[in-house]
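Read through the structure below, which is laid out as structure tokens, and then see the notes.
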Amino acid sequence: MSDYDSVSADVEHEEEIPEEHPRYQDLITRHRIEKGVEKGITHLQGMHAEGRGSAFDYLLGEETIPSANDAERAAAAHLLLADRPVLSINGNVAALVPAEMVDLADATGADLEVNLFNRTPERLTAIADHLREHGADDVKGLEADARIPNLDHKRAKVDADGIYEADVVLVPLEDGDRAEALDEMGKTEIVIDLNPLSRSPQVADVPIVDNIIRAVPTITEHARELADADDDELRAIIDDFDREQALEAAEERIRSGDL
């Protein structure tokens, strides 16, 4: 038995997982989702969703492919150019990348807004508190004084001065019907999803086919590099990005990757 074989999936602290483990990122995401469920942040259904994503990440080689990096750079440009950028946060996002989302908001001037399908006051409060523990000053989504048109579930509830009025929205790990509804509102959508064939990336202006634990820090890194760029440079990055090519490249990697 190797040292890797002796690593339990049921660790108490993620620091117990050796970074050189060949499935390190998968073990980290599993651990964070489990802890999120225990803390009341993540719904049990989120564990199933994470499992699907893990399978696609394995087929991608568990790395950020070049087309995903291009998408992440375009996402940073969109967020920097936006008048009212908002980062949408559900239970899985809060469990997996809370500090990273706060860093991205800081780098781009975006608001953070909690938006949940399985919406309860307890979960809303738990996620908002969790984000504040990781450095957030202000968290939207608790008022829910507006609704996204053409949606009949609780995820339609948003803040009037948040997602409802946003011009650019980052919606990671999103349901397809809500992604379509936001698209119909005319918003610029940035979607992070490991399945290039799902509805969310298919309707996104910027589909990022990458693991969220890699994608969000990479967007932040690009945003900080582009902090002094003028509007023309940012628009050129956006214009150069080809969403169809990005989706095709991800699908090709999944179908033909060397496992």
The ³J(HN,Hα) series, computed from each phi in the range 159-176 with the Karplus coefficients 6.51, -1.76 and 1.60 at θ = phi - 60°, rounded to the nearest Hz and given as x for glycine or proline, is 7, 4, 9, x, 4, 4, 9, 5, 9, 10, 10, 8, 10, x, 6, 9, 6, x
Could you sort the peptides 202-215, 146-159, 105-118 by per-residue average Cβ neighbour count (10 Å cutoff), highest mean leading?
202-215, 105-118, 146-159
Going by average Cβ density within 10 Å per residue, which order do the peptides 55-61, 223-229 take, highest to lowest?
55-61, 223-229
Distance in Å, no decimals, from the C-alpha centre of the range 125-186 to the one of the range 62-79 is 22
If each of D167 and S256 carries a label point 7 Å out from its Cα toward its Cβ, how far apart are those two points in nm?
3.9
Difference of contour (0.36 nm per residue) and Cα-Cα distance, R132 to D242
36.0 nm
Expected unfolding gain across E225-D145 under the 0.36 nm per residue rule, minus the alpha-carbon gap, is 25.2 nm
Rounded to the nearest 0.05, what FRET efficiency is calculated for L197 and K154 with R0 set to 22 Å and r the Cβ-Cβ distance?
0.25
Which whole-number percentage describes the relative contact order of the range 161-235, with Cα contacts under 8 Å and a sequence gap of 6 or more?
23
Descending semi-axes in Å of the range 165-259, equivalent ellipsoid built from Cα gyration tensor:
22, 18, 13
With labels modelled as points extended 7 Å from the Cα through the Cβ direction, what inter-label distance (nm, one decimal) is found for L59 paired with E38?
3.2
Would you mind telling me the share, in percent, of accessible area of the range 102-259 contributed by carbon and sulfur at probe 1.4 angstrom?
40
So with the 1.4 Å probe, I'd like the accessible area per residue for the range 112-249, rounded to whole Å².
44
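The values are calculated or read from the model by the stated rules, or taken from the named source; none is laboratory data. This is a predicted model, so every value here is computed, not measured. Please note: Cβ atoms are built from the backbone with ideal geometry, for glycine as well, and neighbour counts cover all protein chains shown. Heads up: the accessible areas ignore ligands, DNA and RNA and are worked out on the full protein's heavy atoms, side chains in. Shrake-Rupley method; radii C 1.70, N 1.55, O 1.52, S 1.80 Å.
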